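Before any comments, here is the structure.
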Ligand SMILES: Nc1ncc2cc(-c3cccc4ccccc34)c(N3CC[C@@H](N)C3)nc2n1
Ligand SMILES: [Ca+2]
């Protein structure tokens, strides 16, 4: 096991990683920008290195500076967290070249999942279900039009180089195809410098269900249950939960086995998430695979009673997975909300300010707060506006949701605008409680929530 690791990140995830590393007796090196001199992750670490000015490109994305800090400090491994360099193959390569372990997947796996269409081809060959459609090299209008007709309308035209919902166009009927095709191509060329398109059958009310997978260096691979992340706003997850409601154990098992199969198809090592579109009729289709630990991993930790960052450190140090599939079971239900410094009265634009007053809900076996900030901190505009995560657990979804409502009432922040009020309305909404949820939930309840 490593004696010292460097965390190439900031905020709540850096703090969260340090907490587990310290529990394991591993020393931590923090890196920070000028704006983060007094940040919580710097205070929690055993030592800290200044990377440079506030902008990410001058600090948290400076591969050379991060490697320099790791070498000077004698860290043996680097944990990238999520965002920043967490899925950057160049970074993983540079670490290896400098004799530093990357607490993440092999470079080949990051690259394989980097292109949406290449990922789909790999998954197709691995027998993982895909949405009916076409994602090949022939980009002629006639062929894609023929494939659309074969799928059956409505179809979705997606820019191959797109992601996170950008460069997608719904075509409701054949008469609209030509105009949509030209527009999607133009947008792909202007936004991603690549006009290549793929076409898929459009699922009108899908859910976003993702499976947590973990593989070690000894050929073992398991899934640690699923998560439902359908409640999103502009492709930003707002509330996540585990297990995904109203999915039978059989389907969850089938999805989990597909996800592990997908990971093994790319010789995966470490924590990964396979995202599926889940249709109301119980069918599921591969969407993409994330080769990093996700923001919402705590809901999986609470229902499996496992510490996924501990698993990451063990696997990166060459140890086998702590559990076999048969040892993994799900207990109760967990929900997570993301606390954002956003101004709901200004269309949720990122907010800045000072946390003049901060009171977090009392933590217990039912309530967990992963925070990157403390009272008195100033939140800047330089980084992602998510300042903390509130995670709850209880024996059932209903009880967990009541815990969430109570915890949100107890969460108090003055001096900085946040989305806490919006989250309370969401947690209190009857349709959310009865889980009348798909990816269109927030738009559908817009008036009641805003
Ligand atoms: N064939 C087909 N049908 C419906 C879809 C609906 C979405 C979608 C659209 C809008 C919000 C979403 C939130 C979570 C997951 C998916 C969505 C979607 N996305 C959005 C971003 C990317 N992850 C894939 N792909 C889809 N593909
Ligand atoms: Ca994703």
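Structure summary
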{"quantity": "Scope segment 322-335; condition surrounded by fewer than 21 Cβ atoms within 10 Å (Cβ to Cβ), outside any helix (DSSP H, G or I) and in contact (Cβ under 8 Å) with a residue 24 or more places away in the chain; matching residues", "calculated": "323, 324, 328, 329, 330, 331, 332"}
{"quantity": "Filter result (assigned to a strand (DSSP E or B) and within 16 Å of ligand 1 (Cβ to nearest atom)) within segment 249-271", "calculated": "none"}
{"quantity": "Scan of segment 286-309 for residues that are more than 14 Å from ligand 2 (Cβ to nearest atom) and either touching a strand residue (DSSP E or B) at 6+ places or on another chain (Cβ under 9 Å) or outside any loop (DSSP other than H, G, I, E, B) (or both), ordered by number", "calculated": "298, 299, 300, 301, 302, 303, 304, 306, 308, 309"}
{"quantity": "Cross-chain or 6+ apart pairs with Cβ under 6 Å, segment 269-292 first and under 16 Å from residue 109 (Cα atoms) and without any contact (Cβ under 8 Å) to a residue 40 or more places away in the chain, then within 12 Å of ligand 1 (Cβ to nearest atom) and part of a loop (DSSP other than H, G, I, E, B)", "calculated": "none"}
{"quantity": "Within segment 247-283, considering residues that are at positive phi and touching a strand residue (DSSP E or B) at 6+ places or on another chain (Cβ under 9 Å), the one surrounded by the fewest Cβ atoms within 10 Å (Cβ to Cβ)", "calculated": "267"}
{"quantity": "Among (1) more than 14 Å from ligand 2 (Cβ to nearest atom); (2) modelled with pLDDT under 95; (3) in contact with a helix residue (DSSP H, G or I) (Cβ under 9 Å, 6 or more places away or on another chain) - the single one residue 280 does not satisfy", "calculated": "(3)"}
{"quantity": "Count of residues meeting criterion [in contact (Cβ under 8 Å) with a residue 40 or more places away in the chain and within 16 Å of ligand 2 (Cβ to nearest atom)] in segment 204-235", "calculated": "17"}
{"quantity": "Hits in segment 23-45 - residues which are within 30 Å of residue 353 (Cβ to Cβ) and either outside any strand (DSSP E or B) or out of contact with any strand residue (DSSP E or B) (no Cβ under 8 Å at 6 or more places or on another chain) (or both)", "calculated": "34, 35, 36, 37, 38, 39, 40, 41, 42, 43, 44, 45"}
{"quantity": "Sole exception among (1) assigned to a loop (DSSP other than H, G, I, E, B); (2) away from ligand 1 (no atom under 16 Å from the Cβ); (3) modelled with pLDDT under 95 for residue 345, by number", "calculated": "(1)"}
{"quantity": "Whichever residue in segment 135-147 is at pLDDT 95 or above and under 23 Å from residue 203 (Cβ atoms) and, among such residues, is surrounded by the most Cβ atoms within 10 Å (Cβ to Cβ)", "calculated": "144"}
{"quantity": "Conditions (1) at pLDDT 95 or above; (2) surrounded by 15 or more Cβ atoms within 10 Å (Cβ to Cβ); (3) outside any loop (DSSP other than H, G, I, E, B); number of the one not met by residue 150", "calculated": "(2)"}
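The values are calculated or read from the model by the stated rules, or taken from the named source; none is laboratory data. Just so it is clear, the structure is predicted and the values come from calculations on it, not from any experiment. Counting neighbours? That spans all protein chains shown, and the Cβs are built from the backbone with ideal geometry, glycine included.
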